[in-house]
1. How about segment 257-275: which of its residues are farther than 13 Å from K119 by Cβ and not in a helix (DSSP H, G or I)?
2. So if I check each of L34, L46, L30, which one is more than 26 Å from H330 (Cα to Cα) and either within 18 Å of the chain's Cα centre (by Cα) or in contact (Cβ under 8 Å) with a residue 40 or more places away in the chain (or both)?
3. Taking segment 177-223 only, how many residues are without any contact (Cβ under 8 Å) to a residue 12 or more places away in the chain and in a strand (DSSP E or B)?
4. Give me the strands (runs of 3 or more DSSP E) completely within segment 64-168, filtered to those with at least 1 residues that are surrounded by fewer than 20 Cβ atoms within 10 Å (Cβ to Cβ) and among the aliphatic types (A, V, I, L, M), ordered by residue number.
5. Could you list all residues from segment 100-124 that are in contact with a strand residue (DSSP E or B) (Cβ under 8 Å, 6 or more places away or on another chain), more than 16 Å from the ligand (Cβ to nearest atom) and over 30 Å from I232 (Cβ atoms)?
6. List every residue pair whose Cβ atoms sit under 6 Å apart, with the two residues 6 or more apart in sequence or on different chains, where the first one lies in segment 284-305 and is under 17 Å from T123 (Cβ atoms) and the second, anywhere, is within 13 Å of the ligand (Cβ to nearest atom).
7. Would it be correct to say that I271 is buried (at least 17 other Cβ atoms within 10 Å of the Cβ), at pLDDT 95 or above and aliphatic (A, V, I, L, M)?
8. State the number of residues belonging to segment 73-96 that are under 14 Å from T49 (Cα atoms) and in contact (Cβ under 8 Å) with a residue 12 or more places away in the chain.
Amino acid sequence: MQRLLVSEITTCIETFAPLQLQESYDNSGLQVGLSSSSVAAAILSLDITEEVIDEAIAKGIDMVIAHHPLIFSGIKSLTGATEVERIVVKAIKNNLCIYSCHTNLDITANGVSFMMGQKMGLTNLKVLDPLSNRLQKIVVFVPEAHAQDVRQAMFDAGAGNIGNYSSCSFSHTGTGSFKAEAGATPFVGQVDVLHSEPEVRIEVVCPSYCTGTVLRRMVEVHPYEEVAYDVIPLANTIGNLGLGAVGDFEEPISIDDFLAVVKNTYRVPCIRYTNAVSKTISRVAVCGGSGYSLLEKAISSGAQAFITGDVKYHNFFDAKGKLMLMDIGHFESEYSSLEIISSLLKKNFPNFAVYIAETNSNPINYL
Ligand SMILES: [Zn+2]
């Protein structure tokens, strides 16, 4: 089997789920280990527990990839006083790397909630709560002969994606003017002479997490010594990025059939749910983990049911008469996240060994 650098694995995952997408409270990324070290195999788990670490060591696996981060807040000592400290010490002693891919995997396109919806057979899936205030427009003025190179460089760096369309831009021609002052070495024109140049104004949209890279690549390719460009914040949402998902069954199904589908799809021993508000279910909203905060979005999406985890007793009343609110458990709702990482790694590195942990990290038992 193939060995990989830790950086090759993290780059692969973060290309799919950029770290910049994670929530402010989160701590996704490499938590223990060196990105320059090489690993023989990775094991995937929803959580990192001592038992998961022991399983990895026993199997000779040197990288643990989890959805939930091991370390959320700062560690001030490593004395083994807490499970987190013991795990860090044991991981370092055993050359084990620990990595997590959490809310960036929830928010990215085709992330955890999309996987939840697909597993249940929902079609026409859309993001339930698309990211807002994270989109910018980049406008740049380019001499005509270089317009296509600059446009392409921005596309390659992550700009110009709208829904299922890539390479989106708008261009129109005009005339730029400038006078190079002493010390300048202009690409066209002469120092101290007012110059007019036929230029193309190119507009592209860009998620803010890509803007730095897009601008760097754009300036590298642009022929001018000083590039004129604007970065404009947009109020638009980003349709394919955000929390939760909503989709439709091909045919409406009865409440009993729906409950059976949910139970079987997510292998849940127990579902806590409110009364149905319709005879059949055709549209369903889902959110892996603790998704109660998306209840209003789920209701306004027209879903007859909303599946998530960690719903409190009083919160169930908020769904009364509006939709069927279902708590299938935090662990159960997010377990699909392992399949996303597993298939991503297998697709990109077919000869690298990837395992799903046999250790059940769910701290909750059902009777
Ligand atoms: Zn979670």
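1. Result: P269, C270, I271, R272, Y273, T274, N275.
2. L34
3. Going through segment 177-223 one residue at a time, the tally reaches 1.
4. 123-132, 135-143
5. Within segment 100-124, G117, Q118, M120, G121, L122, T123, N124 meet the criteria.
6. As it stands, the answer is V286/S113; V286/M116, since those pairs meet every condition given.
7. For I271, the condition - buried (at least 17 other Cβ atoms within 10 Å of the Cβ), at pLDDT 95 or above and aliphatic (A, V, I, L, M) - is not met.
8. Counting residues in segment 73-96 that are under 14 Å from T49 (Cα atoms) and in contact (Cβ under 8 Å) with a residue 12 or more places away in the chain gives 8.
The values are calculated or read from the model by the stated rules, or taken from the named source; none is laboratory data. Quantities reported herein were computed from a predicted structural model and do not represent experimental measurements. Backbone-built Cβ (ideal geometry, glycine too); neighbour counts: all protein chains shown.
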